[in-house]
Every structure is written in C-alpha cells, then in structure tokens.
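Only one structure is covered here, and it is reproduced in the block below.
The values are calculated or read from the model by the stated rules, or taken from the named source; none is laboratory data. All values reported here derive from a predicted model rather than from experimental measurement. Neighbour counts are summed over all protein chains in view; Cβ atoms, including those assigned to glycine, are modelled from backbone coordinates with ideal geometry.
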Amino acid sequence: MEHKQNETFSSDFLWGAATSSFQVEGAQNEGGKGLSVIDVMKKNPKITDFSVAIDHYHRYKEDVKLMADLGLKVYRFSIAWTRIFPKGNGEVNEEGVAFYNDLINELVSYNIEPLITIYHFDYPQDLVEQYGGWMSRKSIEDYRAYAEFLFKTFGDRVKYWLTINEQDHVVRIPSRLGLTGDDRYEQMRLGYQANHNMCVATALTIKTFHELGMKGKIGPAVSYSMVHPASAHPDDHLASKDAMLIKHNYLLDLHCRGEYSKPFQTYLADRNYMPQIEDGDLDLMKQYPPTMIGVNYYFSETVTSFPATEEFPIGYQKEALLAEAEAGVFQVVKNDRLQATDWGWEIDPVGLRLTLRELNERYQLPIIITENGMGAYDELDEGDMVHDDYRIAYLNEHIKQVQLALNDGVDVFGYCAWTFIDVVSGRNGMDKRYGFVYVDRENFDLKEMRRIKKKSYYWYQSMIESNGKRLT
Ligand code: BGP
C-alpha cells in the first residue's frame, strides 16, 4: 500500500549498529576467559579462527570513540558468557566483569545506549562437558542464573536486553550446540529438545527480570524473514506458509504464546523430533512472554512445494545445516526478480516491511531491528577509502521500508545495522565484510588492524544526524 503522508522517525528512535563478542573481541585465552563451543569448533581451513578477531578487547576505547563520532544512539553487543563464568556456572571471573563494566561506562559516557545480547552463539564448552549443554534441563537454571548476574551487575546502566541470538540457527547447526557425529536425524531431535529448554530458560529469565524490577525491555533476537511462494499455485502458497512456520513462527509462537501449534506438533511428530515437555513449561512461557522482539533480517526466501517421494521421504533435508529443502514441505528456489549478494543472499527491502508487518500482526510487540546489512568483498583503495556504494544503497532501501512499516502501524523503535565495524564473519572469515569501519586485517595476516572509515560511515552519520530525513 502506498501512503500520501509518511510517518517520520520519532526523535528518540534508536539508530544503532551491532556486533557479537566472539566476532570482535579476540583475547580468547586472556582475562580469565573460559572456552566456548566456538573456540573448540573444528577450524574451517579456508577461513581464519576467532582467537584474535579484530582485537576489540584491547581496542574498545578507540572503537567506542568511532561509534560516538558516527552518532550511534545504541550499540548492540554480546557478552561472552565464559568471560563472566569461565565454566558456564560456578565461580565469577572478576576480570571479565571489569571488561564489560569499562565498555558499558565508556558507551554511557558518550550517551550511547547499550543493548546487550546475553548469549550469541558462544555457549560455554564446559557445560557441554558437564551435562550435555542445552540438551539437558540443567542448562535452564545455569542460563537464568547467568542472566540474573548480568541484570544485577549491569542493570543500573542497561535498559535493553536480548536473551538468545538466533535460537533457530543454534538448533539447526550442530557445532553451536556442541554436538558431534553425523546422524542428522538424531542431531535434529536433540536440537528440538535444546530449543524447548532454551524457551523455558528464556521465560524463567524474563520472570527474574520482572521480579528484580528491571526497567526496560527484554526479548529474543530472531532470524526472521518472509518466505514468498514462487508462483500463484496454491501448493506453493502452502509451502511458503509451512516454511514460515517451521523456520520462524514456531519459535515466536513458543516465546510469545507458549504454544506448539497443531501443524508444528504434527511436523515434529512425523519426524520423531517432539521434545520432552514438562508440566508447567508452556504456562510459564505464556505467563512470561518477551516485552520486545529483536529481528535479524538480511534476505527473503522463495519456495515451491516439495512433495515427499520414495527417493525423498518425509524428513529428508537437502542441505545439512540450514534447511534449503525439506521433503513434504518446501524447497528454496531462486527468485529472478531479486538481485543477490556475492553469497547468493537475495536482496529484498520490501521483504523487510512484510516481515515487520507479519510480526506485528502475529505478536503485537515493540520491535527493534537487531541486524540488517550487506556482506561484500570490500576493497581499500590507495586513498585509504572503501567506496561501498552498494552497501549504502542496500541500507538506504531497507531503512526506507522501515519507515513505511511505521506508516503501517508497526512499533519499530530502533534499527541496528550489522555491523558497526568489520568483524570475522561466522562462516566466511574476513572475506565477507559488513562494517561502516574497515579493519585492515586479512584472514591469515593480522597486519596492524587499523580502523578506517568507509564511505558508508559518512552516509550513516548524516542519516542519523538528520533522523532519517536524508534517505535518498
Ligand atoms: C547472523 C549472526 C551474526 C552474523 C550475521 C552475518 O546470523 O547473528 O553473528 O554472523 O548473521 O552472517 P555471516 O557472517 O555468515 O554473513
């Protein structure tokens, strides 16, 4: 729908940018930090590891100064659980607490609102060894206690909290759960048990948040994006609805409604993935839903139906990690109407508006965009500049759609670009860059890790300064 008049961004709209601990901090074995599942992950030889990352642990003051010059109102970062509790539970590591106290104080001194992700992929390895990690119900209390410690320690300065980053990905990527072995069905079954336990842990954490009288908002950061039907064929439409359910809505249905919807129950039962649910779990979720939703949005997907056959029986998955196709449900296909990034992620700004509307219609909660950005092979030219016009165009078009979603009545109160600075990409090392600030390290050559402002830095600076009026 087009509108005659456009809403403007409110004067307190939170313009921001995001990172995550293991992708920026480095200092993997410093400051008393324990090991996470990321630290022990089998290294992909084509990319670097995360042991030094971009050395933010030692350079955070320089980085925060760059954030302040950029004009950020909010900075989303995650706390490395194993810097606070090296073993995931038990003894507190005071050096880790001091690091985050310093970082938060630095941000606050520049009037930058900290937005903390309590756990962003780097789960304590020790908990996997102690009792199997998220697959065990023991994980529930350890997560809650860790979050409670953060609330009590940093809550005087932090208003916005994200509980778990992209739980849907954690569930489907075995290494993020600390799982080994090749039995994909077993991994998925365990993944859905982990998913359930994470939902209970989230609800209990939100309960603690309220009991402590914390001011502010709390909720998950979900990877959530529209799935389009590839054609007007009703089967494709059904496939898109089912894909939305098993990729995205199942999770928010649990967090926000304490509900395993009937079609999702059937999906799990058909595949033997149904987790163990204890009495009271679903009521707890219903009673303590999130007070905001964080959305990570990069691309949309387009699907056709994918009937199960003898060759592809129900439960068959075409792509081992993130489902590209599931027999009996859907198959992702290329959308010829959309351009894609160098990694094949289809660029769909309108998809963001649709995503926001969908979330609003289903859950009616305030929303903050916690990640949105474009990964690219950036090049530093001889004048020490990265001319990343493609990134400016990407961000500009997506922010325009956020503005249109405000017209549609969606309560979006902030926008965090991914990322503030070049970080080590989860799967693509330093090849795939996202930042407003270039870091002059390569996969295997750390160089000096100089910080260099890209063209997009100046664009975002003027966009923030004009409160969104300078969108082109
Ligand atoms: C999200 C993660 C981020 C970040 C981003 C980009 O899934 O929350 O941590 O990695 O995706 O992903 P990639 O680096 O693989 O392009």
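LEU282 fulfils the conditions (1) buried (at least 17 other Cβ atoms within 10 Å of the Cβ); (2) touching a residue at least 60 places away in the same chain (Cβ under 8 Å); (3) closer than 30 Å to LYS159 by Cβ except for a single criterion, (2). Summed over region 96-124, residues that are more than 16 Å from the ligand (Cβ to nearest atom), part of a strand (DSSP E or B) and either closer than 20 Å to TYR143 by Cα or without any contact (Cβ under 8 Å) to a residue 40 or more places away in the chain (or both) total 1.
For (1) outside any loop (DSSP other than H, G, I, E, B); (2) under 29 Å from GLU2 (Cβ atoms); (3) among the small types (Gly, Ala, Ser), each residue gets a yes or a no:
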residue: GLN331; (1), (2), (3): yes, no, no
residue: ASP336; (1), (2), (3): no, yes, no
residue: LEU365; (1), (2), (3): no, yes, no
residue: MET374; (1), (2), (3): no, yes, no
residue: GLU382; (1), (2), (3): no, no, no
residue: MET385; (1), (2), (3): no, no, no
residue: TYR390; (1), (2), (3): yes, yes, no
residue: GLU397; (1), (2), (3): yes, yes, no
residue: GLN401; (1), (2), (3): yes, yes, no
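When the residues of region 450-472 are filtered to those that are buried (at least 18 other Cβ atoms within 10 Å of the Cβ) and part of a loop (DSSP other than H, G, I, E, B), the one that is nearest to the ligand (Cβ to nearest atom) is LYS454.
Got a number for residues in region 349-385 being of a type in the set (A, V, I, L, M) and either within 16 Å of the ligand (Cβ to nearest atom) or within 25 Å of LYS73 (Cβ to Cβ) (or both)? Here the count works out to 9.
Please verify whether region 303-313 includes one or more residues that are polar (S, T, N, Q), touching a helix residue (DSSP H, G or I) at 6+ places or on another chain (Cβ under 8 Å), at pLDDT 95 or above and not in a loop (DSSP other than H, G, I, E, B). Scanning region 303-313 turns up at least one residue that is polar (S, T, N, Q), touching a helix residue (DSSP H, G or I) at 6+ places or on another chain (Cβ under 8 Å), at pLDDT 95 or above and not in a loop (DSSP other than H, G, I, E, B).
Considering the conditions (1) farther than 18 Å from THR205 by Cα; (2) within 16 Å of the ligand (Cβ to nearest atom), GLY132 is excluded by exactly one of them, (2). When GLN331 is tested against (1) touching a residue at least 60 places away in the same chain (Cβ under 8 Å); (2) touching a Gly at 6+ places or on another chain (Cβ under 9 Å); (3) farther than 29 Å from ILE368 by Cα, just one condition goes unmet, and that condition is (2). Each residue in region 403-430 was checked for being more than 19 Å from GLU62 (Cβ to Cβ), within 16 Å of the ligand (Cβ to nearest atom), of a type outside the set (A, V, I, L, M, F, W, C) and modelled with pLDDT of 95 or more, and 1 of them qualify. Comparison of ILE47, ILE54, ILE79 shows that the only residue that is within 16 Å of the ligand (Cβ to nearest atom) and at pLDDT below 95 is ILE47.
Considering every residue within region 77-87, establish whether at least one is out of contact with any strand residue (DSSP E or B) (no Cβ under 6 Å at 6 or more places or on another chain) and in a helix (DSSP H, G or I). Looking through region 77-87, at least one residue is out of contact with any strand residue (DSSP E or B) (no Cβ under 6 Å at 6 or more places or on another chain) and in a helix (DSSP H, G or I). Scanning region 289-339 for residues that are farther than 22 Å from GLY351 by Cβ and of a type in the set (Ser, Thr, Tyr), we see that the one that is farthest from the ligand (Cβ to nearest atom) is THR309.
Residues that are without any contact (Cβ under 8 Å) to a residue 60 or more places away in the chain, of a type in the set (Asp, Glu) and at negative phi are absent from region 32-39. Just one of the listed residues (LYS286, LYS241, LYS247) is farther than 30 Å from GLY344 by Cβ, of a type outside the set (A, V, I, L, M) and not in a loop (DSSP other than H, G, I, E, B), and it is LYS286.
The lone criterion from (1) in contact (Cβ under 8 Å) with a residue 40 or more places away in the chain; (2) more than 16 Å from the ligand (Cβ to nearest atom); (3) polar (S, T, N, Q) left unmet by GLN167 is number (2). When restricted to residues that are in contact (Cβ under 8 Å) with a residue 12 or more places away in the chain, surrounded by fewer than 20 Cβ atoms within 10 Å (Cβ to Cβ) and either assigned to a loop (DSSP other than H, G, I, E, B) or among the aliphatic types (A, V, I, L, M) (or both), region 205-238 contains 7. The residue pairs whose first member lies in region 14-25 and is over 14 Å from ARG59 (Cα atoms) and part of a strand (DSSP E or B), whose second member is of a type in the set (A, V, I, L, M, F, W, C) and within 10 Å of the ligand (Cβ to nearest atom), and whose beta carbons are closer than 8 Å, counting only pairs six or more residues apart or on different chains, are ALA17/TRP418; ALA18/TRP418.
Determine whether region 171-179 contains at least one residue that is of a type outside the set (Asp, Glu), in contact with a helix residue (DSSP H, G or I) (Cβ under 8 Å, 6 or more places away or on another chain) and under 27 Å from LEU14 (Cα atoms). Reasoning before the result, please.
From region 171-179, those of a type outside the set (Asp, Glu) are 171-179; that's our starting set.
When the remaining residues are screened for being in contact with a helix residue (DSSP H, G or I) (Cβ under 8 Å, 6 or more places away or on another chain), the result is 171-172, 174, 176-179.
Among the residues that remain, those that are also under 27 Å from LEU14 (Cα atoms) are: none.
Among the residues of region 171-179, not one is of a type outside the set (Asp, Glu), in contact with a helix residue (DSSP H, G or I) (Cβ under 8 Å, 6 or more places away or on another chain) and under 27 Å from LEU14 (Cα atoms), which makes the answer no.
Scanning region 437-449 for residues that are away from the ligand (no atom under 15 Å from the Cβ) and of a type in the set (A, V, I, L, M, F, W, C) yields VAL437, PHE444, LEU446, MET449.
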